[in-house]
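The values are calculated or read from the model by the stated rules, or taken from the named source; none is laboratory data. Quick caveat, the model's predicted, so the values are computed rather than measured. Methodologically, a virtual Cβ is constructed for each residue, glycine included, from the backbone with ideal geometry; neighbour enumeration extends over all protein chains shown. These accessible areas exclude ligands, DNA and RNA; they are computed on the full protein's heavy atoms, side chains included. Shrake-Rupley method; radii C 1.70, N 1.55, O 1.52, S 1.80 Å.
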Amino acid sequence: MDADLAFRLAVFDHVARLRDANGGVIPAAELNRGIRYEDERVPIWNQQKGIFRPARFRDPGAALTIVTAYDGPYDDQADADATRFLYRYRGTDPSQSDNVAVRRAFQQKRPLLYLIAVRPGLYEAVFPCYVVEDRPAELTFALMAEAAADLARVRTQDPGVLEARRAYQTVAVKRRLHQQQFRFLVMGAYGDQCAMCRLRHPPLLDAAHILPDSDPRGRPTIPNGLSLCKIHHGAYDIGILGVDPDYRVHVRDDVLDEHDGPMLRHGLQEMHGSSIQLPRRVEHRPNREYLAERFARFEAA
């Protein structure tokens, strides 16, 4: 294993620990600390430039990390091929040094760390990720994700098998990213609190769909979401709780008649008849038609 690849693997291991310690996403402050490697502190990204190449590896000179800002140009839905991420060049010159660094990662088949902002200062890490196409006419690179467990076999796998495995992994990562972005958009609209009980602990909050993903209208947009704690999200999904189009909470009759501990009484039964907390911005409030359709199913159950 050459020194460049050994460093990349050390970075991936470090970022995996940061991700696990922070509930699946990584604050910028944690990434800014870099990694302790061979008795020195080494940076692993450049938040401002977006493309980072380690100074210690000017040769082979391939990029290590690419970053998409929260308000950046990234839009994977713009690619008709759902098995690719799109990453735009820096500027419009294909020979610009950062673009050359990404191109070298493509030519040398070097795995990248791809950091995608899900809200300002908070990143989802996709790794290892490979540049699989250089599209200079579109000023864009195409990338695919790789399962970490397959990293050691990348150079030996049959190309067709490798393509299929990467396609599967990339689609799975995209779905997770969309859900994560949906979660933070909805939580932000509700002030990072549960709309029912007002709990303000983001690790315990979810974005609940009003209309499900399976419905053609069930897109991951704020008006199709409710910020709920995990207890109320679960209760909403299985029909213990319902929300009518006037934003009132209803608890299923048999649950209202139950006798149990304080969680049932305070966490569920006392929600009956209360109104959910609404986002301040009117355009972010739950779609009343969607609520009515979902509530009709709740009443019919």
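Side notes on the structure shown:
- Read-out percent of Cα pairs over 35 Å apart, derived from the coordinates shown; its label in [x] 16; [y] 11; [z] 32: [z]
- The relative contact order of the range 211-301, computed from alpha carbon pairs under 8 Å that lie at least 6 residues apart in sequence, is 34 percent.
- Here the accessible area is traced with a 1.4 Å probe on the protein chains. For the chain, carbon and sulfur cover 52 percent of it.
- Contact order, relative form, for the chain: 12 percent (alpha carbon pairs under 8 Å, 6 or more residues apart, mean separation divided by residue count).
- Of the DSSP H helices in the chain, those with a Cα length along their own long axis of 30 Å or more and a mean Kyte-Doolittle hydropathy reaching -0.5 comprise 159-189.
- Comparing 277, 171, 241 along the charge dipole axis of the range 158-301, the residue lying farthest to the positive side is 171, per the Cβ-charge model.
- In this structure, the amide hydrogen of residue 210, modeled 1.01 Å from its nitrogen in the peptide plane, lies closer than 5 angstrom to those of 225, 226, counting only residues at least 5 positions away or on a different chain.
- Averaging the sequence gap over all C-alpha pairs within less than 8 Å and six or more residues apart, then dividing by the number of residues, gives the range 92-226 a relative contact order of 15 percent.
- Each Lys and Arg adds +1 at its Cβ and each Asp and Glu adds -1 at its Cβ; summed about the Cα centre, the chain shows a dipole of about 880 debye.
- Normalised convex hull volume, the range 164-236, alpha-carbon set, Å³ per residue: 95 Å³
- Förster radius 45 Å - calculated FRET efficiency between residue 238 and residue 56, Cβ distance, rounded to 0.05: 0.25
- Gyration tensor verdict on the range 98-215 (Cα atoms; rounded if a/c is under 1.5, prolate if a/b is larger than b/c, oblate otherwise): prolate
- Per residue accessible area in Å² of the chain, where ligands, DNA and RNA are left out and the probe is 1.4 Å: 50 Å²
- Shape category assigned to the range 4-121 from the gyration tensor of Cα positions, a/c cut at 1.5: oblate
- Cα-based reach from residue 109 at 23 Å (exclusive), listing lysines while leaving out same-chain residues under 8 positions away: 49, 174
- Here the label points at residue 158 and residue 269, each 7 Å from Cα along the C-beta direction, are separated by 6.2 nm in the simple model.
- Sites residue 283 and residue 46, calculated FRET efficiency, Cβ-Cβ separation with R0 41 Å, nearest 0.05: 0.70
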